[in-house]
Amino acid sequence: MAPLSPIRAALIRTATLRPRRTPRPAFLATQHRHASTKHPKGFRPPTQDELEELRERTIDFTRREITPEVAQATDHDNDFPHAMWKKLGDAGLLGVTADEEYGGLSMGYQAHCVILEELSRASGSIGLSYAAHSQLCVNQIMLNGNDEQKKKYLPGLVSGDTIGALAMSEHSAGSDVVSMRMTAKPVDGGYQLNGTKMWITNGPDAHLVVVYAKTEPEKGSKGMTAFLVETPPGTSGFSVARKLDKLGMRGSNTGELLFDNVFVPSANILGSVNHGVKVLLEGLDLERLVLSAGPLGLMQAALDITLPYVHERKQFGVPLASNQFIQGKLADMYTKYRASSAYTYTIARAIDESHEDPMIRTQDCAGAILYAAERATECGMDAIQCLGGMGYMSEMAAGRVMRDAKLYEIGAGTSEIRRMVIGRAFNKEFGLGR
């Protein structure tokens with residue numbers, strides 16, 4: 001047997017350092033950005049064998065821990081299985097892009113996409129909460145945090161002892177995020193935050209939230225700052241106004257957060273004062289890219305549900321799959337998945353392999369999630385249609401897959417905003433302002 005490569009050895013070693021609860025761990029509008037701000041220390045691109053090993057370990061984890069019964073209960077009960085966080089941490093899955101010194105795997109964005117895809121294949125809700133924690137919180141701290149902030153917060157986030165979230169959207173500031181009204185007023189030793197945040201994934205459960213607020217509202221986008229806000233139970237001035245009851249991604253606990261004179265020390269500024277937009281943009285392209293793997297998992301789930309059913313269910317004396325109309329839907333579903341997968345992983349591979357001087361194309365990152373999200377919703381609808389009456393029953397997972405997929409056309413930037421972003425990227429290449 002060939003010796004383990006350094007990255008694979010790190011994957012296994014990192015997981016084994018933690019107490020085990022399970023027998024086996026899972027594990028051109030372009031801008032030049034130096035690798036030190038995008039990838040972990042000592043990063044080198046993973047080989048295809050390493051990514052396949054990671055995928056196999058993640059599938060092993062989902063088969064053991066995210067069974068169909070767990071996924072269905074998470075959706076029906078609209079409640080995240082809280083013990084899952086420690087299981088994900090023990091398996092080494094929560095810090096895929098974090099440095100090894102903080103307990104991470106020191107792997108890149110291909111690996112992150114692999115894990116999110118397979119978790120979403122098992123449960124869209126659990127996959128989304130995972131992404132909000134590992135990409136929107138952990139990776140934001142890796143990209144923009146100072147050494148003290150990383151040492152203080154990353155070990156707990158990577159182990160699953162601490163749950164992370166990102167709070168940017170408000171009632172009147174969704175796509176138009178710069179119009180947010182939350183303020184951060186300077187006081188002795190730090191800032192007082194006042195305002196509300198809406199549609200915050202992991203918000204009701206989070207212990208640490210990356211919060212954007214206006215430090216100088218009159219400056220608009222140039223007066224916004226990002227903060228690391230600790231929100232354990234009993235935090236003075238902080239409360240969850242309500243846990244939201246959503247159409248899909250039920251169980252990915254989402255809430256409205258209230259901040260009433262919440263004190264945040266100056267040491268918890270992420271980046272620098274009035275440079276919150278820089279923090280936001282620093283990770284936005286990568287956020288879109290990694291999140292595009294969620295719809296990939298849901299398309300796989302749609303096929304997992306549909307293929308066995310149409311080959312077993314008989315009408316007019318033959319399996320449904322003998323019908324050319326059904327064959328056409330299967331072909332469309334499979335082709336949409338494969339095309340979307342090729343897009344996402346091609347972009348992720350290019351970013352990983354160019355890590356010494358990466359070229360991150362905004363139009364490709366936005367394009368990957370735009371395409372995958374819309375195709376995933378279509379695949380969910382086709383799965384329901386192929387199952388007929390059973391597809392419309394809540395006991396079957398087809399409806400859940402479709403409802404979960406629709407979120408990706410809305411959250412983290414709507415499909416319309418993504419199209420606008422792509423168009424403006426081309427305009428920028430040709431010297432147009434917008």
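The values are calculated or read from the model by the stated rules, or taken from the named source; none is laboratory data. All of these numbers come straight from a predicted model, not from anything done at the bench. Reconstructed Cβ throughout: ideal geometry from the backbone, glycine too, with neighbour counts over all protein chains shown. Calculation scope for accessible area: heavy atoms of the full protein, side chains included, ligands and nucleic acids excluded. Shrake-Rupley method; radii C 1.70, N 1.55, O 1.52, S 1.80 Å.
What are the residues in region 145-169 that are in contact with a strand residue (DSSP E or B) (Cβ under 7 Å, 6 or more places away or on another chain) and open to solvent by 10 Å² or more (accessible area, probe 1.4 Å), if any? First the steps, then the outcome.
Of the residues in region 145-169, the ones in contact with a strand residue (DSSP E or B) (Cβ under 7 Å, 6 or more places away or on another chain) are 145, 149, 153, 157, 162, 164-169.
Gly145, Tyr153, Thr162, Leu166, Met168, Ser169 - these are the residues of region 145-169 that are in contact with a strand residue (DSSP E or B) (Cβ under 7 Å, 6 or more places away or on another chain) and open to solvent by 10 Å² or more (accessible area, probe 1.4 Å).
List every residue pair whose Cβ atoms lie under 7 Å apart, where the two residues are 6 or more positions apart in sequence or sit on different chains, the first residue falls within region 226-247 and is closer than 24 Å to Ile141 by Cα, and the second residue, located anywhere, is of a type in the set (Gly, Ala, Ser).
The qualifying pairs are Ala226/Gly271; Ala226/Gly276; Phe227/Ala184; Phe227/Ala213; Thr231/Ala206; Val240/Gly203; Val240/Gly255.
Would you say Met390 is at pLDDT 95 or above and either open to solvent by less than 40 Å² (accessible area, probe 1.4 Å) or not assigned by the TED database to the domain that holds Met249 (or both)? Write out each step before concluding.
Values: at pLDDT 95 or above: yes; either open to solvent by less than 40 Å² (accessible area, probe 1.4 Å) or not assigned by the TED database to the domain that holds Met249 (or both): yes.
Yes; evaluated as a whole, the condition is true for this residue.
Tell me which strands (runs of 3 or more DSSP E) are completely within region 175-258 and hold 2 or more residues being buried (at least 20 other Cβ atoms within 10 Å of the Cβ), or say none if there are none. So that I can check it myself, show each step before the final result.
Details: elements: 183-187, 190-201, 208-214, 224-230, 238-243.
Strands (runs of 3 or more DSSP E) meeting the threshold: 190-201, 208-214, 224-230.
When the residues of region 393-412 are narrowed to those that are of a type in the set (A, V, I, L, M, F, W, C), in a helix (DSSP H, G or I) and within 14 Å of the chain's Cα centre (by Cα), which ends up surrounded by the most Cβ atoms within 10 Å (Cβ to Cβ)?
We begin by selecting, within region 393-412, every residue of a type in the set (A, V, I, L, M, F, W, C); these are 393, 396-398, 401-402, 405, 407, 410, 412.
This time we only want the ones that are in a helix (DSSP H, G or I), so: 398, 401-402, 405, 407.
Checking which are within 14 Å of the chain's Cα centre (by Cα) leaves us with 405, 407.
On the way: Ala405: 31, Leu407: 25.
My answer is Ala405.
Look through Leu128, Leu94, Leu119 and report the one residue that is within 12 Å of the chain's Cα centre (by Cα) and in a loop (DSSP other than H, G, I, E, B).
The unique qualifying residue is Leu94.
Test Pro232 against the stated conditions and say whether it is within 19 Å of Tyr130 (Cα to Cα) and modelled with pLDDT under 95. Spell out the reasoning first.
Values: within 19 Å of Tyr130 (Cα to Cα): yes; modelled with pLDDT under 95: yes.
Yes; evaluated as a whole, the condition is true for this residue.
With the condition kept exactly as written, say whether any residue in region 274-295 is open to solvent by less than 10 Å² (accessible area, probe 1.4 Å) and part of a strand (DSSP E or B).
no
Any idea which of (1) among the hydrophobic types (A, V, I, L, M, F, W, C); (2) in contact with a helix residue (DSSP H, G or I) (Cβ under 9 Å, 6 or more places away or on another chain); (3) on the phi > 0 side of the Ramachandran plot is the one Trp199 doesn't satisfy?
(2)
Would you confirm, using the coordinates I've provided, whether Gly89 is open to solvent by less than 20 Å² (accessible area, probe 1.4 Å) and part of a helix (DSSP H, G or I)? Before you say what the answer is, go through the steps one by one.
Numbers: open to solvent by less than 20 Å² (accessible area, probe 1.4 Å): yes; part of a helix (DSSP H, G or I): yes.
Judged against the criteria, Gly89 is a match.
Which of the numbered conditions does Ala376 fail, given that it passes all the others? Conditions: (1) on the phi < 0 side of the Ramachandran plot; (2) open to solvent by 30 Å² or more (accessible area, probe 1.4 Å).
So Ala376 meets the others, but not (2).
To keep it simple, each residue is scored yes or no on (1) assigned by the TED database to the domain that holds Pro81; (2) over 17 Å from Leu116 (Cα atoms); (3) under 23 Å from the mean Cα position of the chain (by Cα).
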| site | (1), (2), (3) |
| --- | --- |
| Gly203 | no, yes, yes |
| Pro232 | no, yes, yes |
| Gly237 | no, yes, no |
| Gly251 | no, no, yes |
| Leu257 | no, yes, yes |
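Select, from Ala331, Ala366, the only residue that is in the same structural domain as Val421 (by the TED database), within 30 Å of Gly42 (Cα to Cα) and either at pLDDT 95 or above or open to solvent by 20 Å² or more (accessible area, probe 1.4 Å) (or both).
Numbers: Ala331 fails: within 30 Å of Gly42 (Cα to Cα).
Answer to the check: Ala366.
Which is part of a helix (DSSP H, G or I) and within 18 Å of the chain's Cα centre (by Cα), of Ala348, Ala383? Full working, then the answer.
Details: Ala383 fails: within 18 Å of the chain's Cα centre (by Cα).
Of the residues listed, the single one that is part of a helix (DSSP H, G or I) and within 18 Å of the chain's Cα centre (by Cα) is Ala348.
With the condition kept exactly as written, say whether any residue in region 297-311 is assigned to a helix (DSSP H, G or I) and under 30 Å from Leu270 (Cα atoms). Give the steps one after another, and end with the answer.
Quick first cut of region 297-311, residues assigned to a helix (DSSP H, G or I) only: 297-311.
Next, only the ones that are under 30 Å from Leu270 (Cα atoms) stay: none.
Within region 297-311 (the criterion being assigned to a helix (DSSP H, G or I) and under 30 Å from Leu270 (Cα atoms)), the answer is no, since none of the residues qualifies.
Which residue, of Val187, Val138, is out of contact with any helix residue (DSSP H, G or I) (no Cβ under 6 Å at 6 or more places or on another chain) and not acidic (Asp, Glu)? Steps first, answer last, please.
Details: Val138 fails: out of contact with any helix residue (DSSP H, G or I) (no Cβ under 6 Å at 6 or more places or on another chain).
None of the others qualify; the one that does is Val187.
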